[in-house]
Amino acid sequence: LLCSSGKDALVKWWDLNTQHCFKTLVGHRAEVWGMALISEEKRLITGSADSELRVWDITYIQEVKDPDEPESKKSKGTSPGAEENTEDDETLVSDECPEERLVKCSKVGSIIREGRDRVVTLATDRTGKILACHGTDAVLEVFSILSKEELQNKLEKKMKKAKKKAKQDSEEEPERPVELSLQEEIQRVTNIKASSKIKSFDLILSPKGELKIVLLLQNNIVESYNLNLSAQVLQAVRASKITIGGHRSDVRTLAFSSDNIAVLSAAAESVKIWNRATLQCIRTMDCEYALCSLFVPGDRQVIVGTKTGKLQLYDLASGSLMETLSAHDGAVWSIALSPDQRGFVTGGADKCVKFWEFELVKDESSLQKRLSIKQVRVLQLDEDVLCVRYSPNQKLLAVSLLDCTVKIFYVDTLKFFLSLYGHKLPVLCMDITYDGTLIATGSADRNVKIWGLDFGDCHRSLFAHDDSVMYLQFVAKSHLFFTAGKDSKIKQWDADKFEHIQTLEGHHQEVWCLALSPNGDYVVSASHDKSLRLWERTREPLVLEEEREMVRVASF
């Protein structure tokens, strides 16, 4: 049997043999967000959008036939003379509704939660002795479910008390049978307040009676609590906390160091440097809301462009912020290193493209020279700048604008050269091949267009993703490129043959950005599912026909 709940405020029972819904439970006023089976699957607890946990008794019915029944009756309809037994056969069929033959459900009562919002997670531990639930807040409510022996002992004590009371009141014993209330069977243990809103949890009850609880919080922190159930005062103690490992918010920018070893990831609150080989975080630095980033040549410093329009320069050895510059009046959407490695270019929401150069300045505190950056030129445009890229020979600069076009300018004179027009929505990402012959643009209209950089003609338009194309980058020394989309997929394409090569599936939500290592062997991607994923190129040959066949099979 399968039990399911949904936003239609119903709980349904399904027979997996017949693949048929045979029973529907009504009684909820809103969506049923959580369910748990307790007491050896003889009770069902449902959590809805209100503060009630509804408790249902489950009775499993098996059709038991008389063992002395003749074979002719058991195999009805198999012999020609079976018609004369129709009256007797009807006595074997229950008068109840067919749905009542497998399961009977009756509501026992309700347990009132302290939380007033909807249930997010409702679950028990493996032994079925502990039930816990939480809403959209930071409080986990823990309940204890009494076993059969504990219920029997409690009932006997209650009956003794009732008899004593009856003897004191009058000589006659009470006629009413003594029963345990639902609140006595399922007792509230305690509430655990986490440091942030709870996303999910799990429980383990040790044989010694100690309850271990692990909480995953909305800000990507994992907290562990211990609760001694045999203590007189029940108080949950936080045992450990995992905080520094990953980011607290979505990673919006990634970059590889020139030696393929270090990976930079930046989010709304911090910049982290990871070792690609060990997957360990080796440096964490506080920052503003980051949108773009790069390693300074030499890999000793990094530059981060922020949502507030600032450029932040960090030193990796000390993990300190060396300099902050107000670069743009709006968000710094894109940053690109110049091919001669002497500077970089930034594009922002203030409709400007700014050119920067690295310089060495004397540090006032240590009297030693340190790296700094200075602005050398500005290109004013009519629309917000979303993405900027240099051609490998540093002669051309491609600028993606909010008006859905990509403008190509000469770097030396900043004169207009080409306009790439064709996307229906703004171009969010683009890249130019190592030989400067092709430019690929990815747009919010879900398409990737491949253009020639000599005349600005569109070679091919590819329907790339089921949602916006968020990032695009060519593999070094090739015309292969990767795209990342809001449809949670990463895809590899051939810009010469206009073919889809492979799809990398692993992320569960939108992929915001990716970065390719300079040698082309590694791809790192960041997603809304709060994960960074590292992909490695294998030596195994890829047969396109086999890949397409697998896609066709999966689509059916």
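What residue, among those in segment 7-39 that are among the β-branched types (Val, Ile, Thr) and more than 24 Å from residue 128 (Cα to Cα), is least open to solvent (accessible area, probe 1.4 Å)?
24
Working only within segment 317-330, note down all residues that are aliphatic (A, V, I, L, M) and crowded, with 21+ Cβ neighbours inside 10 Å.
Correct list: 327 only.
For the list (1) small (Gly, Ala, Ser); (2) surrounded by 14 or more Cβ atoms within 10 Å (Cβ to Cβ); (3) without any contact (Cβ under 8 Å) to a residue 60 or more places away in the chain; (4) assigned to a strand (DSSP E or B), I need the number of the one condition that residue 4 fails.
Unmet for residue 4, out of (1) small (Gly, Ala, Ser); (2) surrounded by 14 or more Cβ atoms within 10 Å (Cβ to Cβ); (3) without any contact (Cβ under 8 Å) to a residue 60 or more places away in the chain; (4) assigned to a strand (DSSP E or B): (2).
Being part of a strand (DSSP E or B), modelled with pLDDT under 95 and touching an Asp or Glu at 6+ places or on another chain (Cβ under 8 Å) is the requirement here; does residue 377 meet it?
On the way: part of a strand (DSSP E or B): yes; modelled with pLDDT under 95: yes; touching an Asp or Glu at 6+ places or on another chain (Cβ under 8 Å): no.
In short, no.
One residue is enough: does segment 361-383 have a residue meeting the conditions under 21 Å from residue 512 (Cβ atoms) and not hydroxyl-bearing (Ser, Thr, Tyr)?
Within segment 361-383 (the criterion being under 21 Å from residue 512 (Cβ atoms) and not hydroxyl-bearing (Ser, Thr, Tyr)), the answer is no, since none of the residues qualifies.
Looking at this structure, is residue 344 touching a residue at least 24 places away in the same chain (Cβ under 8 Å) and either in contact with a Lys or Arg (Cβ under 9 Å, 6 or more places away or on another chain) or of a type outside the set (Phe, Trp, Tyr) (or both)?
The answer is no for residue 344.
So, in segment 486-515, exactly how many residues are within 26 Å of residue 435 (Cα to Cα) and in contact with a strand residue (DSSP E or B) (Cβ under 9 Å, 6 or more places away or on another chain)? Spell out the reasoning first.
As a first pass, look at segment 486-515 and keep what is within 26 Å of residue 435 (Cα to Cα): 490-503, 513-515.
After this cut, where a residue has to be in contact with a strand residue (DSSP E or B) (Cβ under 9 Å, 6 or more places away or on another chain) as well, the list is 490-496, 498-503, 513-515.
The total comes to 16.
Out of (1) out of contact with any Leu (no Cβ under 8 Å at 6 or more places or on another chain); (2) polar (S, T, N, Q); (3) open to solvent by 50 Å² or more (accessible area, probe 1.4 Å), the odd one out for residue 228 is which?
Residue 228 satisfies all of (1) out of contact with any Leu (no Cβ under 8 Å at 6 or more places or on another chain); (2) polar (S, T, N, Q); (3) open to solvent by 50 Å² or more (accessible area, probe 1.4 Å) except (1).
Under 7 Å by Cβ, and 6 or more places apart or on different chains, what pairs join a residue from segment 328-339 that is closer than 20 Å to residue 406 by Cα and aliphatic (A, V, I, L, M) with one that is open to solvent by 20 Å² or more (accessible area, probe 1.4 Å) and in a strand (DSSP E or B)?
These pairs meet every condition: 331/291; 332/291; 336/389; 336/390.
Could you grab me the full set of residues in segment 119-139 that are modelled with pLDDT of 90 or more and open to solvent by 20 Å² or more (accessible area, probe 1.4 Å)?
120, 121, 123, 124, 136, 137, 139
Before we move on, is residue 9 outside any strand (DSSP E or B), aliphatic (A, V, I, L, M), more than 23 Å from residue 185 (Cβ to Cβ) and touching a His at 6+ places or on another chain (Cβ under 8 Å)? Talk me through it step by step, then tell me what you get.
Working: outside any strand (DSSP E or B): yes; aliphatic (A, V, I, L, M): yes; more than 23 Å from residue 185 (Cβ to Cβ): yes; touching a His at 6+ places or on another chain (Cβ under 8 Å): yes.
Yes.
Filter segment 404-421 down to residues that are on the phi < 0 side of the Ramachandran plot and surrounded by 14 or more Cβ atoms within 10 Å (Cβ to Cβ), then give me how many there are.
The total comes to 9.
Need the failing condition index for residue 147 against (1) under 23 Å from residue 37 (Cα atoms); (2) within 31 Å of the chain's Cα centre (by Cα); (3) open to solvent by 30 Å² or more (accessible area, probe 1.4 Å); (4) small (Gly, Ala, Ser), just the number.
(2)
Have a look at 553, 523 and point out the one that is buried (at least 18 other Cβ atoms within 10 Å of the Cβ), over 23 Å from residue 445 (Cα atoms) and not acidic (Asp, Glu).
Result of the check over 553, 523: 523.
Taking into account only those residues within segment 287-303 that are assigned to a strand (DSSP E or B) and not aromatic (Phe, Trp, Tyr), which is surrounded by the most Cβ atoms within 10 Å (Cβ to Cβ)?
303
When both residues are 6+ apart or on different chains and their Cβ atoms are under 9 Å apart, which pairs have a first residue that lies in segment 469-486 and is within 13 Å of residue 527 (Cα to Cα), and a second that is in a loop (DSSP other than H, G, I, E, B) and polar (S, T, N, Q)?
Pairs found: 485/468; 486/468; 486/509.
From the list 304, 353, which one is under 13 Å from residue 291 (Cα atoms) and aliphatic (A, V, I, L, M)?
304
The values are calculated or read from the model by the stated rules, or taken from the named source; none is laboratory data. Only a predicted model underlies this, so the values are computations on that prediction, with no experimental measurement involved. Note that we place each Cβ from the backbone using ideal geometry, even for glycine, and neighbour counts take in every protein chain shown. Quick note on the areas: whole protein, heavy atoms, side chains included, nothing else; ligands and nucleic acids left out. Shrake-Rupley method; radii C 1.70, N 1.55, O 1.52, S 1.80 Å.
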